[in-house]
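Engineer: I have a structure I would like to understand better, so I am pasting it below and will then ask my questions one at a time.
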Amino acid sequence: MKFLSISIDTEKSVSEQNILSSLSAVISSQCLESEGRRIVLLIAKHTGISPELILHHSRCRSNIADARQLAMYLLHVGMGRSMSEVGKFFGRDRTTVSHACNKIEDRRDEIKFDDFVLSLEEEIELQVFESDENLDLKR
């Protein structure tokens, strides 16, 4: 009888863990979408390139690809998302994200471009701070 009881508890535990794991994945996916949209809108605002073009599936013109690569970089480095997650958001492979991040890192040797990226990173931090401040944490 004890064996049956342990078996039932184990099944219940696995089931609860599967539910929690699935819920965590859904929440993480929603956060990725929110963070990705925020980054794309920020890049659109500063480059004058529409969010639709930044998210477009084709390579497009070089200025659009540059904006997309910058958005990928900021989502990976600025928001701490894995390259696989960034690739999923943009509908691209993680190796494409890696290439984008390497290109942006190389360009950061240019002082003017590095200052531009720093200002974007600061704006992202400010947005995150403001959204955290707006959370209602009253108990």
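Engineer: Please give the net charge around Lys45, taking every other residue with its beta carbon less than 12 angstrom from that of Lys45, where Lys and Arg add +1 and Asp and Glu add -1. Can you show the working numbers first?
Structural biologist: Details: positive: Arg38; negative: Glu123.
It works out to a net charge of 0.
Engineer: Can you check what the net charge comes to around Ala71, using other residues whose Cβ is under 12 Å from the Cβ of Ala71 (Lys, Arg +1; Asp, Glu -1)? Don't skip to the answer; put the middle values down first.
Structural biologist: Working: positive: Arg37, Arg38, Lys45, Arg68, Arg81, Arg92; negative: Glu35, Asp66.
After counting each charged neighbour, the total is +4.
Engineer: Apply the a/c threshold of 1.5 to the C-alpha gyration tensor of the range 33-117 and tell me whether it is rounded, prolate or oblate.
Structural biologist: Values: a/c = 1.34, a/b = 1.13, b/c = 1.18.
Rounded, since a/c falls under 1.5.
Engineer: Could you tally the net charge around Met83, taking each other residue with its Cβ under 12 Å from the Cβ of Met83, Lys/Arg +1 and Asp/Glu -1? Let's see the in-between values first.
Structural biologist: Numbers: positive: Arg81, Lys88, Arg92, Arg94; negative: Glu85, Asp93.
Taking every other residue near Met83 into account, the sum is +2.
Here, each number is a calculation from the coordinates, and none is a lab measurement. Note that this is a predicted model, so its numbers are computed, not measured. Neighbour counts run over all protein chains shown; Cβ positions are idealised from the backbone, glycine included.
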